[in-house]
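**Student:** Pasting in a structure now, in structure tokens, and then I'll have a few things to ask.
Nothing in this text is a laboratory measurement; each read-out follows from the coordinates by a stated rule. Quantities reported herein were computed from a predicted structural model and do not represent experimental measurements. Virtual Cβ from ideal backbone geometry, glycine too; neighbours counted across all protein chains shown.
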Amino acid sequence: MSQPSSSSSSPAAPAAKKKVSVGDLAAMRKDGVKIAVLTAYDYSTSLICDRAGVDVILVGDSAAMVVLGHPSTVPIGMHEMAMFCGAVSRGAKRAMIVGDMPFGSYQPSDEKAVGSAVQLIKAGCDAVKLEGGAEMAGRAKAIVDAGIPVMGHIGLKPQTAALWEGYRLQGKTAGSAARLVKDAQALEKAGVFSIVLEMIASEAAELVTSKASVPTIGIGSGPGCDGQVLVLHDLLGIYEDIKPKFVKRYAELAKPMLDAISSYAQEVKAGRFPQEQNTFHMAPGEAEKMRRQAGK
């Protein structure tokens, strides 16, 4: 009897996971499947987020605070955002990668907005996100018309909140809820594929979601949105400068990280690290030969 060929006897290679697309998110909304979104800013954490099954990785301008140490998101620029987007794109292969457009990169003009969006796409993103409702619908449309998918962002807008009324809950009244619906409708008309709802009263966020035809992604806006997004460093309990009410800490990693690093520093100072198992040696006889030659 002839032996089976190697191709038939070897196990089939696992199918590659398909990249999450705009159409996939629309289908998830239609089917009532919630969308999991998380921020990431580097290669290593984007790998973990991707393996964990996160649908969308937002390379947020929150990197200004949790990575670069600024007091707000305003100081970060396109150079830093493109660098973070490139790192994430080299790690995550399944999740959709959305790059946050930083303050000043899209407000001045349509031309500026399109140019900035192109830069993030070239860095490795699948889509971009910008803040603003009806007042920024024109910018969103210009980017969409250039062939780039856009995620909108209404409610609390961190890039400009401090210039107006501070970081406050949005949609607390019927009138403000109605304005949020109009903002969402203006963005939809501009062609956005999804809208982030940040710090909006739950009832108002539910209304916006019910009126929208694209997926809504909530952050501090209750459970009625089509998906949720959190900042990775908040979720893991690493960033401790600000602790928003809407954040759920799935881990408290700051203390074990501090303990581990402190132990390392103490062992180095006490001469207990590295030990033999952490050390490499020369080939037999070479060390003695080296010492003889050095003695000459």
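**Student:** Using Cα atoms only, what is the angle between the long axis of helix 22-31 and the major principal axis of the chain, expressed in degrees (0 to 90) to the nearest 10?
**Tutor:** Helix 22-31 and the main axis of the chain meet at about 70 degrees.
**Student:** Next up: Per-residue counts of other Cβ atoms within 10 Å, averaged by peptide: what ranking do you get for 54-60, 98-104, 154-160, 263-269, highest first?
**Tutor:** Ranked by mean Cβ neighbours within 10 Å, highest first: 54-60, 98-104, 154-160, 263-269.
**Student:** How much length is gained on full extension from Thr173 to Ser109, taking 0.36 nm per residue of separation minus their Cα-Cα distance?
**Tutor:** Stretched fully, the Thr173-Ser109 segment lengthens by 19.8 nm.
**Student:** Another one. Once phi is turned into θ = phi - 60°, what whole-Hz ³J(HN,Hα) does the Karplus curve with 6.51, -1.76 and 1.60 give for every residue of region 159-167, x standing for Gly and Pro?
**Tutor:** 5, 10, 4, 5, 7, 10, 10, x, 8
**Student:** Classify region 16-251 as rounded, prolate or oblate from the Cα gyration tensor: take a ≥ b ≥ c as the square roots of its eigenvalues, call it rounded if a/c is under 1.5, otherwise prolate when a/b beats b/c and oblate if not.
**Tutor:** Because its axes are fairly even, with a/c under 1.5, region 16-251 counts as rounded.
**Student:** Follow-up question, since we're still on this one. Under a point spin-label approximation (7 Å from Cα along Cα-to-Cβ), what is the Glu276-Lys122 distance to one decimal in nm?
**Tutor:** Going by the 7 Å Cα→Cβ label model, 5.6 nm.
**Student:** Taking amide hydrogens as modeled 1.01 Å from N in the peptide plane, which residues meet the under 5 Å criterion relative to Gly220, leaving out close sequence neighbours?
**Tutor:** The list, which skips near neighbours in sequence, is Met199.
**Student:** So if we plug the beta-carbon distance of Leu68 and Thr160 into 1/(1 + (r/R0)^6) with R0 = 22 Å, what FRET efficiency do we get, rounded to 0.05? Show your work: numbers first, answer last.
**Tutor:** On the way: r = 19 Å, r/R0 = 0.88.
About 0.70, to the nearest 0.05.
**Student:** Quick one: of Lys34/Lys93; Lys34/Lys157; Lys93/Lys189, which pairs are farther than 27 Å apart, Cα to Cα? Write out the running numbers ahead of the final one.
**Tutor:** Details: Lys34/Lys93 20 Å; Lys34/Lys157 23 Å; Lys93/Lys189 30 Å.
The answer is Lys93/Lys189.
**Student:** Please report the net charge: other residues with Cβ closer than 14 Å to the Cβ of Ser263, K and R +1, D and E -1.
**Tutor:** Taking every Cβ under 14 Å from that of Ser263, the sum is +1.
**Student:** Still on this model: Amide H neighbours of Ser194 under 5 Å, counting only residues 5+ apart in sequence or on other chains, H built in-plane at 1.01 Å?
**Tutor:** The answer is Gly152.
**Student:** Which order results if Thr216, Thr45, Thr279 are arranged by neighbouring Cβ count within 10 Å, fewest first?
**Tutor:** Least to most surrounded, the residues fall as Thr279, Thr45, Thr216.
**Student:** In degrees, nearest 10, range 0 to 90: what is the angle between the Cα axis of helix 110-123 and the longest Cα principal axis of the chain?
**Tutor:** Relative to the chain, helix 110-123 is tipped by roughly 30 degrees.
**Student:** Efficiency by 1/(1 + (r/R0)^6): what FRET value for Lys245 and Ala134, r their Cβ-Cβ distance, R0 = 25 Å, to the nearest 0.05?
**Tutor:** Values: r = 28 Å, r/R0 = 1.12.
After rounding to 0.05, the efficiency reads 0.35.
**Student:** Turning to a different aspect of this structure: What relative contact order, as a whole-number percentage, does the chain give when Cα pairs under 8 Å and 6 or more residues apart are counted?
**Tutor:** 14
**Student:** Could you tell me the calculated FRET efficiency between Lys296 and Val268, based on Cβ-Cβ distance and R0 = 25 angstrom, to the nearest 0.05?
**Tutor:** E between Lys296 and Val268, to the nearest 0.05, is 0.15.
**Student:** Still on this structure, please answer the following. Can you give the angle from 0 to 90° between the axis of helix 78-89 and the longest principal axis of the chain, with both taken from C-alpha atoms, to the nearest 10?
**Tutor:** 70
**Student:** Highest first, please rank the peptides 112-123, 19-30, 162-173 by the mean number of other Cβ atoms sitting within 10 Å of their residues. Walk me through the numbers on the way to the answer.
**Tutor:** Numbers: 112-123: 20.2, 19-30: 15.8, 162-173: 13.5.
Highest to lowest by the protection proxy: 112-123, 19-30, 162-173.
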